[in-house]
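> Sending over a structure as structure tokens; questions will come in a sec.
The values are calculated or read from the model by the stated rules, or taken from the named source; none is laboratory data. The structure displayed is predicted, hence computed values, not measured ones. Here Cβ is always computed from backbone atoms with ideal geometry, including for glycine, and neighbour counts include all displayed protein chains.
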Amino acid sequence: MNRLFSFFQDRHAGLGSILLLAIVLMVVMPLVFDIYRLNLAGRYLTYAFVALGLVLCWGYGGILSLGQGIFFGIGGYAMAMFLKIEASDPESTSIQTTPGIPDFMDWNRITELPWFWVPFNSLTFTIIAVLVLPAAFAFLIGFAMFKRRVSGVYFAIITQALAVVLTILIIGQQGYTGGINGITDLRTLMGWDIRDDSARYLLYYLNAVLLIGCLLIGRWVLNCKYGRILTALRDKEERVRFSGYDVANFKVFIFCLAAFISGIGGAMFTLQVGFMSPSFIGIVPSIEFVIFAAVGGRLSLVGGVYGALLVSFAKTMFAEAYPQLWQFLIGAVFILVVLVLPYGLASIYGRFGHRMRTPFERWLGDRKARSSASSGGFQEPLQEKRP
């Protein structure tokens with residue numbers, strides 16, 4: 001019975017924080033922000049997918065990846081390829097030398113759609129690619145690294161190097177990828193104008209719903225047996241290995257799950273903003289994603305979302321107010337948070353959350369205490385007998 005109350009209390013607190021975040025995202029922000037700020041918030045929410053994946057991968061799995069921009073970019077480019085094919089119909093590209101193909105291909109004298117672009121004529125295939133390709137690429141990286149027990153700073157450097165390689169590859173293959181400019185001028189999704197204000201509202205809500213869904217998936221993973229083993233693996237990897245578990249398989253799974261979630265964020269970014277470029281794949285965005293998770297709290301799923309929103313909004317406000325100094329201000333904020341709150345902003349609740357408990361949570365805590373006392377877990381001190 002004690003375990004039941006403990007589990008329900010922890011689970012209730014986690015779902016409560018997710019519910020509060022859902023209210024903030026789907027009620028408060030649409031009422032407070034105008035369409036411009038709400039569109040910015042939607043863009044920042046796409047970063048929160050990557051921060052959430054990093055909380056799972058780094059905070060609970062102990063796997064620091066400095067190349068999460070890879071998976072964000074793969075998901076984004078997959079969606080951008082579908083949208084670009086739709087925007088390149090023969091009527092819209094009639095002035096090109098070869099109508100019916102993306103404009104950057106025509107500029108580079110490519111006369112037909114490359115074979116790996118052809119499947120992206122289908123929205124169904126595109127959605128599957130957004131979900132599968134990032135996870136598949138993460139599986140290749142993770143299987144090759146973790147089976148050889150590559151971890152720690154070495155794994156972080158390798159993922160960072162892979163982000164640089166992929167960026168160079170995309171820029172170098174300009175005729176197939178759009179090069180440094182990326183894939184731009186994305187206007188419609190199945191004939192639906194994604195640049196319209198009503199479309200931006202709908203995309204924002206879709207973004208929020210998908211993010212809440214990913215939070216619930218992450219919460220479920222951490223609450224099951226796998227989550228407990230993952231935490232033990234982070235703290236004492238050798239002890240888990242000697243207990244008979246295949247440590248590499250656990251690491252591969254959580255790394256793939258983080259990539260899966262990041263790919264969804266990349267696809268939503270393309271829909272929200274209307275373009276995708278290699279500038280969101282390299283070292284700088286990947287490090288920014290780590291900052292989001294660190295500031296929000298690398299041991300808190302919801303904290304990663306708040307970190308992405310707060311840091312991104314702070315970056316925008318600083319850039320508007322102090323165009324020459326905003327990078328230093330963002331760096332100062334990050335240093336301050338790390339020095340004062342090593343576990344991010346989420347640790348504030350850990351310190352003072354007991355003062356903000358709801359009556360229902362207090363009831364659960366009291367019920368747990370009474371159950372523990374009745375089962376012998378707590379005993380009143382014996383009164384001294386006087387002669």
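> Scan region 198-213 and give yes if some residue there is assigned to a helix (DSSP H, G or I) and farther than 29 Å from residue 42 by Cα, otherwise no.
no
> Among residues belonging to region 220-240 that are among the β-branched types (Val, Ile, Thr) and over 21 Å from the mean Cα position of the chain (by Cα), point out the one that is farthest from residue 150 (Cα to Cα).
This residue is 229.
> Let me confirm something: among 69, 53, which residue is under 14 Å from residue 293 (Cα atoms), modelled with pLDDT of 90 or more and touching an Asp or Glu at 6+ places or on another chain (Cβ under 9 Å)?
69
> Can you name every residue in region 242-251 that is assigned to a helix (DSSP H, G or I) and more than 15 Å from residue 59 (Cα to Cα)?
242, 247, 248, 249
> So, in region 128-140, how many residues would count as being closer than 19 Å to residue 190 by Cα and surrounded by 15 or more Cβ atoms within 10 Å (Cβ to Cβ)?
2
> Oh, and also: Among the residues of region 102-127, what is the count of those that are in contact with a Leu (Cβ under 9 Å, 6 or more places away or on another chain), of a type in the set (A, V, I, L, M) and surrounded by 17 or more Cβ atoms within 10 Å (Cβ to Cβ)?
Residues meeting the conditions: 1.
> Between a residue in region 143-157 that is farther than 16 Å from residue 253 by Cα and any residue that is among the aliphatic types (A, V, I, L, M) and surrounded by 12 or more Cβ atoms within 10 Å (Cβ to Cβ), which pairs come within a Cβ distance under 7 Å, given they are 6 or more apart or on different chains?
Cβ pairs passing all conditions: 156/64; 156/66.
> Now for a separate question. Give the number of residues within region 113-131 that are touching a Gly at 6+ places or on another chain (Cβ under 9 Å) and under 25 Å from residue 171 (Cβ atoms).
So the answer is 4.
> Go through (1) among the polar types (S, T, N, Q); (2) under 30 Å from residue 238 (Cβ atoms); (3) surrounded by fewer than 16 Cβ atoms within 10 Å (Cβ to Cβ) and name the single condition residue 151 misses.
Going through (1) among the polar types (S, T, N, Q); (2) under 30 Å from residue 238 (Cβ atoms); (3) surrounded by fewer than 16 Cβ atoms within 10 Å (Cβ to Cβ) one by one, residue 151 breaks only (3).
> Just to be sure, is residue 215 within 19 Å of residue 275 (Cβ to Cβ), touching a residue at least 60 places away in the same chain (Cβ under 8 Å) and touching a Leu at 6+ places or on another chain (Cβ under 6 Å)?
It is false that residue 215 is within 19 Å of residue 275 (Cβ to Cβ), touching a residue at least 60 places away in the same chain (Cβ under 8 Å) and touching a Leu at 6+ places or on another chain (Cβ under 6 Å).
> What number of residues in region 114-137 are farther than 19 Å from residue 70 by Cα and in a helix (DSSP H, G or I)?
Total meeting the criteria: 7.
> Can you find, within region 10-50, the residue that is farthest from residue 203 (Cα to Cα) among those that are touching a residue at least 60 places away in the same chain (Cβ under 8 Å) and among the β-branched types (Val, Ile, Thr)?
Top of the filtered list is 18.
> What's the number of the only condition in (1) without any contact (Cβ under 8 Å) to a residue 24 or more places away in the chain; (2) over 18 Å from residue 158 (Cα atoms) that residue 284 fails to meet?
Failed condition: (2).
> Only one residue in 243, 279 is within 22 Å of residue 185 (Cβ to Cβ) and more than 17 Å from the chain's Cα centre (by Cα). Which one?
On inspection, the qualifying residue turns out to be 279.
> Looking for whichever is in a helix (DSSP H, G or I), modelled with pLDDT of 90 or more and not hydrophobic (A, V, I, L, M, F, W, C) here; the options are 219, 234, 239, 228. Which one fits?
Exactly one residue qualifies, and that residue is 219.
> Does residue 257 satisfy the criteria of being crowded, with 18+ Cβ neighbours inside 10 Å and more than 14 Å from the chain's Cα centre (by Cα)?
No, not satisfied.
> Sort through 170, 157 and tell me the only one that's β-branched (Val, Ile, Thr) and surrounded by fewer than 16 Cβ atoms within 10 Å (Cβ to Cβ).
Checking each option against the conditions leaves just 157.
> So which residues in region 231-288 are hydrophobic (A, V, I, L, M, F, W, C), farther than 30 Å from residue 104 by Cα and in contact with a Ser or Thr (Cβ under 9 Å, 6 or more places away or on another chain), if there are any at all?
Matches in region 231-288: 232, 255, 258.
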